[in-house]
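S.K.: Quick one: this structure, given as structure tokens, is what I'll be asking you about.
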Amino acid sequence: MTSFQGAATAAGLRRALRRHSDPARAQILRRFFKTGPGDYGEGDAFWGIPVPRIRAVLGHFPDIPLAVADDLLASPIHEVRFLAVVALVRAYAAAGAAGRQAVVDLYLSRARRVNNWDLVDASAPGILGRHLPPGGGRRVLGRLAASPCLWERRIAMVSTLEPIRRGDLGNTFWLAERFLDDPEDLMHKAAGWMLREAGKRDVASLEDFLARQAGRMPRTMLRYAIERLPPARRRHWLAV
């Protein structure tokens, strides 16, 4: 790959990415990410760049200022926004306390530009999930969970993946209960996914949640949540 010199700029990063455009792949991605009228990704535009290539381009720019990431988040091009959120995850991991807060503030202020499931899933755990204190942050999570914007709601739910890895499951169950009546299938999948991950750490807590909520859970959420349970337990919960 070409070597890049000098400070990272939004224009330079866009040029570096665009060199890897693939129109045929872009057409496939437009279908995969549901960009048609009325779909969740309506109007999103693609250059057709695979994720490993995006990450490789990012690797040539070790220091991307937050203002540049902010500029990139405004792009109509999906891969440009993907690079921006991955850059923010990297910036959060490398920053001190003040820098981490600045990353979180920017991320939350631009959450509606993190507007497809892959962008959320690549960034929410590594930014918001790492930032919130154990068992805390419910004011922020509750605000996101109550948003009319699907992507803000998904950020809230998927951000709990990082606390789950630390054995902190409270916010996962709290949010999953809030999303039982969510109208979007993408939220049912996200909540079910996080419940499944929580069950890997504490199956008894997952089964306790299911005992209280399985009868109300959307079928997609339930199927995702019980995916790692033994077959007999899966059959039990599907029959509820």
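A short reminder: the numbers here are calculations on the coordinates, not readings from a lab. These numbers come from a predicted model, not from an experiment. All Cβ positions, even for glycine, are placed from backbone atoms using ideal geometry, and neighbour counts span all protein chains on display.
S.K.: When only alpha-carbon atoms count, how far does the chain stretch along each of its three principal axes, as whole angstroms with the largest first?
M.R.: Here the spans come out as 58, 42, 31 Å, largest first.
S.K.: Would you be so kind as to identify which of 114, 82, 144 lies farthest towards the positive end of the dipole of the chain, taking Lys and Arg as +1 and Asp and Glu as -1 on Cβ and the Cα centre as origin?
M.R.: The Cα lying farthest towards the positive end belongs to 82.
S.K.: Further, regarding this structure: Can you tell me the order of 101-114, 22-35, 222-235 when each peptide is scored by its average per-residue count of other Cβ atoms within 10 angstrom, highest first? Don't skip to the answer; put the middle values down first.
M.R.: Values: 101-114: 18.3, 22-35: 14.5, 222-235: 16.0.
Taking the mean over residues of other Cβ atoms within 10 Å, the ranking is 101-114, 222-235, 22-35.
S.K.: Let me ask you something else. In nanometres, what is the gap between the two model label sites at residue 208 and residue 165, each 7 Å from Cα along Cα-to-Cβ?
M.R.: Each label point is offset 7 Å from its Cα along the Cβ direction, giving 2.5 nm.
S.K.: Also, quick follow-up: Which whole-Hz ³J(HN,Hα) couplings does the stretch 28-33 yield from phi under the Karplus relation 6.51 cos²θ - 1.76 cosθ + 1.60, θ = phi - 60°, glycine and proline marked x?
M.R.: 5, 5, 4, 6, 4, 9
S.K.: Answer rounded, prolate or oblate for the stretch 162-209, using the Cα gyration tensor with square roots of eigenvalues a ≥ b ≥ c: rounded when a/c is under 1.5, else prolate when a/b is larger than b/c, else oblate.
M.R.: Working: a/c = 2.01, a/b = 1.75, b/c = 1.15.
Verdict is prolate for the stretch 162-209.
S.K.: Let's see if you can work this out: charge +1 on each Lys and Arg Cβ, -1 on each Asp and Glu Cβ, no other charges. What is the dipole magnitude of the chain about its Cα centre, in debye to the nearest 20? Provide the component values of the computation, followed by the final result.
M.R.: Numbers: 37 positive and 24 negative charges, 79 e Å.
My answer is approximately 380 debye.
S.K.: Three principal axis extents, largest first, for the C-alpha atoms of the stretch 130-215, in Å?
M.R.: 33, 31, 17
S.K.: Per residue, how big is the convex hull of the stretch 1-115 when only Cα atoms are used? Give it in Å³. Display every interim value, and only then the final one.
M.R.: Details: hull volume 11.2 nm³, N = 115.
Spread over its residues, the Cα hull of the stretch 1-115 gives 97 Å³ apiece.
S.K.: Rounded if a/c is under 1.5, else prolate if a/b is larger than b/c, else oblate: which is the stretch 8-53, with a ≥ b ≥ c the root eigenvalues of its Cα gyration tensor? Display every interim value, and only then the final one.
M.R.: Details: a/c = 2.91, a/b = 1.82, b/c = 1.60.
Verdict is prolate for the stretch 8-53.
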